[in-house]
Amino acid sequence: MRMTEAIKSMNNNFEIITSPISVQDLVSKVEHEGAGAILLFAGTVREWTYGKRTAALSYEGYEPMALKELQRIGDGVSAQWPDARLAITHRLGDMGIGDISVAIAVSSPHRPQAYAASRYAIEELKRTVPIWKKEIFEDGVEWVEGCHIHETAWMETECREGHPHTHWSDRDRYARQMRFPPIGEPGQDLLAQSRVAIVGVGALGGAMANHLARAGVGFLRIIDRDVVDVSNLQRQTLFHERDAALSLPKAVAAKTNLQQINSSIEIEAIAQDLNAQNAEALLSDVHLILDGNDNFATRYLINEVSLKHRIPWIYGGIVGDVGETCTFLPGQGPCFACLHPTSPQIGLLPNCETAGVIGPIVQVIASYQVAEALKILVKDQEKVRKSLLHVEMWNFAQREMKLPADTSCRVCKEKHFPYLQGEEGESVSLLCGRDTIQVRPKETKHLDLVLLAKELSPLGAVRLSPYFLRFDTGAYHLSVFPDGRVLVHGTSEHSIARGLYAQYLGG
Ligand SMILES: [Zn+2]
């Protein structure tokens, strides 16, 4: 068979269907005269999962990408076992006990290759194909995330393993960075012991997290309130199409992707809004706070935690082709509130929504923030820049601005912390670059999303994921998080968002 024919027939071997799977049809796709063994794997819906009785089950998936992933698995099999042939059919939709949800057939001249190739295909399928399972138990609905095939015991044991075990030494991994004299071996040790919080893991935060994970910062806490959207992919280099297709919380997707970059560091994903109630708990046990968020209220809050707990932080902001960054060391020079005594009125400043934003400015500002971060973490504070840096990419202009020397700032001089005390800070805010409004309850709630799903389902389409509930009213989408926070997609009007919140979740 010529190469092109082989690829063509391979492509026809992958199917996603909603009707029952015929194993006969599947086997016939891989049968050929030279086949000495045909191995068939059938994943079936079982009655019991971890001691709970399953009543029914439903698979949902993002079909174009699932098919693409299946073909990629086929390519992987062809590359490793050129004589093997593979066919996979996955079924979507509702299924009953005993139904086949996925079937994989492999033929090859010899048995060991068939075993190896089918095991590879099963594990890759489980790892990468965006199909997820909703189990309907007798006492409720539950999403089974990630490892969506639980059908056989031997697979379950490996289900949670993210990557193969490797034994790289730190000396190998960080060799080039350690050869840089201001870091060296002592600096690398300091980085390994460092704890850094990144607030907002979109464009700037994602770029910073990427650098710091690669640099070997021992602990990263990534805090983000948003979910990945396709419009993020243009500049938020940490995310993939799959993250957007699954609407994963950015913190969760970032952690998954970062651990693939560096599995030897600790990463904590916090899919929450940073606010007066949680800011001190989330930011006071780190050595450094990095600002990757898009609004002034959160920056004032970070500034107050920084002053109260004497933790340095690095501000960064971007819009259009313009960006700026500044490092604040508590007790040494002015604070963020000295620089901006009052929050600019919403609508007066350009934002990502009105002015857009281009990818390169993200990387430039994030890189400056990370360079300052490395200096602070390796205790080279002398070198920390003591000015506000302003960069305009399109016009190729860059300038440093002196910070105000002496101000009558109530925040750093009088230790007045209005944002931390909850006197300031909005409960309704526009998410930059998105037609999305966040509404946050005054008090943190503990919602039972399964119960809420039942209540809302007569009123519109409801989808439950492991992280939030998605409710479609027709004109708007609501993402409801367990702490009572809601993202209202499809509007930039505060009043509409507030109204929808009151209508579906109470005041
Ligand atoms: Zn100040």
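Details
- Per-selection Kirkwood Rh - segment 172-414 (Cα, Å, 1 d.p.): 18.2
- Straight-distance candidates among the lysines for linking to LYS250, with alpha-carbon spacing under 22 Å and chain neighbours fewer than 8 residues away dropped: LYS126, LYS133, LYS134, LYS445.
- Surface per residue (accessible, 1.4 Å probe) for the chain, Å²: 47
- Taking packing as the residue-averaged number of other Cβ atoms within 10 angstrom, the listed peptides 227-235, 77-85 run from highest to lowest as 227-235, 77-85.
- Cα long-axis angle, helix 63-80 against the chain (0 to 90 degrees, to the nearest 10): 70
- Helix-only arithmetic for the chain: the sum of -39500 (n - 2.57) across DSSP H runs with n ≥ 4, divided by the residue total, places the mean residue ellipticity at 222 nm at -10000 deg cm²/dmol.
- Degrees separating the helix 494-505 axis from the principal Cα axis of the chain, which is the longest one: 50
- Under 9 Å, Cβ to Cβ, from ILE358 - net charge with Lys/Arg +1 and Asp/Glu -1: 0
- Bridges between two residues of the chain, per DSSP, are antiparallel at a rate of about 75%.
- Helix 184-193 axis, angle to the chain major axis (alpha carbon atoms, nearest 10°): 80
- Rounded percent of accessible protein surface that carbon and sulfur make up, the chain, 1.4 Å probe: 52
- Normalised by 2.2 N^0.38 Å, where N counts its residues, the alpha-carbon radius of gyration of segment 435-505 equals 1.00.
- Cβ-derived FRET efficiency at R0 45 Å, ASP170 paired with GLU414, nearest 0.05: 0.50
- Among the chymotrypsin sites (Phe, Trp or Tyr not before Pro) found in segment 372-453, those both in a DSSP coil and sparsely packed, with 11 or fewer other Cβ atoms within 10 Å of their Cβ, are TRP394, PHE396.
- Rounded D (µm²/s) - the chain, Kirkwood Rh over Cα pairs, Stokes-Einstein at 4 °C, 1.567 mPa s: 51
- Here the extension length gained between SER427 and ALA405 equals 4.6 nm, from 0.36 nm per residue of separation less the Cα-Cα distance.
- Peptide packing for 483-493, 434-444 was compared via the average number of neighbouring C-beta atoms within 10 Å per residue; ordered from the highest value, the list is 483-493, 434-444.
- Protection proxy ranking, peptides 95-102, 122-129, 31-38, average beta carbon neighbours within 10 Å, highest first: 122-129, 95-102, 31-38
- Net charge of neighbours whose Cβ lies under 11 Å from the Cβ of ARG85, counting Lys and Arg as +1 and Asp and Glu as -1: -1
- Summed residue charge, Cβ within 14 Å of GLU33's Cβ, Lys/Arg positive, Asp/Glu negative: -1
- By the equivalent-ellipsoid construction on the alpha carbon gyration tensor, segment 198-240 comes out with semi-axes of 19, 12, 7 Å, ordered largest to smallest.
The values are calculated or read from the model by the stated rules, or taken from the named source; none is laboratory data. For clarity, every value in this text was computed on a predicted model and none was experimentally measured. Glycine gets a Cβ as well: all are built from the backbone with ideal geometry, and neighbour counts include every protein chain shown. The area values use the complete protein model at the heavy-atom level, side chains included, leaving out ligands, DNA and RNA. Shrake-Rupley method; radii C 1.70, N 1.55, O 1.52, S 1.80 Å.
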